[in-house]
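Only one structure is covered here, and it is reproduced in the block below.
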Amino acid sequence: MTLPTIKQVRAYVVRGGGADYHDQGDGHWIDDHIATPMAKYPEYRQSRQSFGINVLGTLVVEIEASDGTVGFAVTTGGEPAAYIVEKHLARFLEGRSPTDYEKIWDQMYFGTQYYGRKGLVVNAISGVDLALWDLLGKLRQEPVYHLLGGAVRDELSFYATGARPDLAKGMGFIGGKMPLHHGPAEGEEGLKKNIQELATMRERCGDDFWLMFDCWMALDLNYATRLAHKAKEYGLKWIEEALSPDDYWGYAALKKAAPAGMLVTTGEHEATRWGFRMLMEMECCDIIQPDVGWCGGVTELLKISAMADSRGVMVIPHGSSVYSYHFVITRHNSPFAEFLMMAPKADQVQPMFHPQLLGEPVPENGRLKATALDKPGFGVELNPAVTLHRPYTH
């Protein structure tokens, strides 16, 4: 089967929610006094937007084939990433077959290695890679998960990330991951407040419901160790991203120091097979949590997952909606998935990438049937009501 070639790559930006899910209005739980590495500065403690977490906005990548079929994807990166896609990455795709995703990925990564390797550049590569998989699925009239080997289970089960695990339990989720609200700069009083919040949620949720803390890179080793041991009494299932993503040595020490039975997880802000190899070879964590829109896309996530599978490490991708669902449903070592509660009060299930995507499936009673993914590509469309801006061309 000869497929059309890639005619054009285009990059757009858009503001307000969607892939840049931190770009929310006032009063949203996701920006309410959450512990961060910047919380040591009082002026940046109340809001993550105050130090610029939402400055980039969403990146939308479109790849058009010679027959007019368009694949697309959304991730973060905004205008700087759009420049990289248009001015640098597009040359590695146009005129090629969409089946050449391995060669394309390799050239995008090594062609940008001198200024990339992680962060913004890999976000851009991820967006292009996801759009390429979407295009390939549409050209073959198959969902991406079929291209990845097919479903290994009939449905996905989810835990919910949000400020109200007690409400998430009532919605059928298997667990609830709470943002940690107080970091080391708030001292013993802040530590007590963190533990009290956990205790309150444990009382509301009962003993059979997972509770986790998302620490968003905010802690030091001593604080993280103390938090983990104090949380043991309340059955904390895992402590997530407690340290800087570059502190592999600290994670290895935390994993050794954590209470028996409590998992240490990280990887949301890690990238590529080489970064995750460090996490696994140094025995930094029990679960890795790559974001498919940030770690290198599906092409790279397959390599990361294979390494993890050989080591008995679970891969539970960070958020990313349909882009991770199509992956998780095909992997034995990804037994459940994360769902970000994007309702401002975390009191209802809303599509994660709203308003940018149409047709985005959401869990019902904490689950999603594999058949909900049975549309070509990733099965979603761009919302025509959302205004896209193309800041660069080539």
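None of the figures in this text is laboratory data; all of them are computed from the coordinates on show. Please read all numbers here as calculations on a predicted model, not as lab measurements. Using ideal geometry, Cβ is built from the backbone for each residue, glycine included, and neighbour counts are taken over all protein chains shown.
Going by average Cβ neighbours within 10 Å, how do the peptides 120-127, 251-258, 376-383 rank, with the highest at the top?
Details: 120-127: 27.8, 251-258: 18.6, 376-383: 21.1.
With the highest mean Cβ count within 10 Å placed first, the list reads 120-127, 376-383, 251-258.
Semi-axes of the range 58-130's equivalent ellipsoid from the Cα gyration tensor, sqrt of 5 times each eigenvalue, largest first, rounded to whole Å? Let's see the in-between values first.
Values: eigenvalues 70, 43, 18 Å².
Output for the range 58-130: semi-axes of 19, 15, 9 Å.
Please tell me the relative contact order of the range 147-375 in percent, rounded to the nearest whole number, where contacts are Cα pairs under 8 Å and at least six residues apart. Write out the running numbers ahead of the final one.
On the way: 447 pairs, mean separation 53.5, N = 229.
Once divided by the residue count of the range 147-375, the mean separation gives 23 percent.
Answer rounded, prolate or oblate for the range 43-93, using the Cα gyration tensor with square roots of eigenvalues a ≥ b ≥ c: rounded when a/c is under 1.5, else prolate when a/b is larger than b/c, else oblate. The partial results should precede the final answer.
Values: a/c = 6.17, a/b = 2.65, b/c = 2.32.
Verdict is prolate for the range 43-93.
Suppose every Lys and Arg Cβ carries +1 and every Asp and Glu Cβ carries -1, with no other charges. What dipole size does the chain come out with about its Cα centre, to the nearest 20 debye? Numbers along the way, then the final one.
Values: 38 positive and 49 negative charges, 73 e Å.
For the chain, the charge dipole is close to 360 debye.
Compute the distance in nm between two label points, each set 7 Å from the Cα along the Cα-to-Cβ direction, one at A185 and one at L3.
4.7 nm
On a 0 to 90° scale, report how tilted helix 187-205 is relative to the longest principal axis of the chain, with both axes built from alpha carbons and the result rounded to the nearest 10.
So the helix axis and the longest Cα principal axis differ by about 80 degrees.
Once you sort the root eigenvalues of the Cα gyration tensor of the range 97-180 as a ≥ b ≥ c, which label holds: rounded (a/c under 1.5), prolate (a/b larger than b/c) or oblate (the other case)? Can you show the working numbers first?
Numbers: a/c = 3.78, a/b = 1.52, b/c = 2.49.
Oblate, since a/c reaches 1.5 and b/c is not below a/b.
With angles folded into 0 to 90 degrees, how steeply does helix 297-311 sit against the dominant principal axis of the chain? Use alpha carbons for both and round to 10.
50 degrees
Need one word for the range 147-375: rounded, prolate or oblate. Basis is the Cα gyration tensor (sqrt eigenvalues a ≥ b ≥ c); a/c below 1.5 gives rounded, then a/b vs b/c decides. Intermediate values should be presented prior to the final figure.
On the way: a/c = 1.86, a/b = 1.20, b/c = 1.54.
Oblate is the answer for the range 147-375, as a/c is 1.5 or above yet b/c matches or exceeds a/b.
Test of understanding: what is the full-extension gain from K303 to F51, defined as 0.36 nm times their sequence separation minus their Cα-Cα distance? Working shown, then result.
Details: separation 252, 0.36 × 252 = 90.72 nm, distance 3.40 nm.
Gain on extension, K303 to F51, equals 87.3 nm.
Could you work out how far helix 119-140 tilts from the main Cα principal axis of the chain, as a 0 to 90 degree angle to the nearest 10?
50 degrees
Please work out the C-alpha center-to-center distance from the range 291-309 to the range 211-244 and express it in whole Å.
Value for the Cα centre distance between the two parts: 25 Å.
Just how far, in whole angstrom, is the range 131-151 from the range 317-394 if you go by their alpha carbon centroids?
Their Cα centres are 15 Å away from one another.
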